[in-house]
Amino acid sequence: MPRDSDFAFVYWELNEVSVRAAREQLALLDVKTQLVLRVRCSGHAHPAGVGAKTIEIPVDDWIGERYVPLGPAGSEHFCSIGLRTLDSEQGLFVPLARTSRVHSPPRRSSSF
């Protein structure tokens, strides 16, 4: 949910079944994993044509909330929470939950 042009509020709640299923998908690789919140900006709506960008924020809890930074004002975003491999060159990511796409609001010009 966009808070303003720069940040969005994200809430997640995972259960043991979903986390276990994701770990089982990665078990054959025998790698360590980290729970991360992935914020993806498509850059589609930005008039300057800024490209897509992804940031990952490590999280420790299955239930949580936080404000996350967004890309350029007016661009399209979505967040995913999942497990990312730490010891793998591929940096595999297994999503557990994902938001729908949202657009960050345009910047408001202030007039005095």
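The values are calculated or read from the model by the stated rules, or taken from the named source; none is laboratory data. For clarity, every value in this text was computed on a predicted model and none was experimentally measured. We place every Cβ from the backbone using ideal geometry, glycine too, and count neighbours over all the protein chains shown.
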In the range 59-77, the residues that are exposed (fewer than 15 other Cβ atoms within 10 Å of the Cβ) and in a strand (DSSP E or B): ILE63, GLU65, ARG66, TYR67, PRO69
Some residue of the range 44-58 being in a loop (DSSP other than H, G, I, E, B), at pLDDT 85 or above, at negative phi and more than 12 Å from the chain's Cα centre (by Cα): no
Test for ALA22: is it more than 25 Å from THR85 (Cβ to Cβ) and either modelled with pLDDT under 85 or assigned to a loop (DSSP other than H, G, I, E, B) (or both): no
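Would you pick out the residues in the range 25-43 that are among the aliphatic types (A, V, I, L, M) and at pLDDT 85 or above?
LEU35, VAL36, LEU37, VAL39
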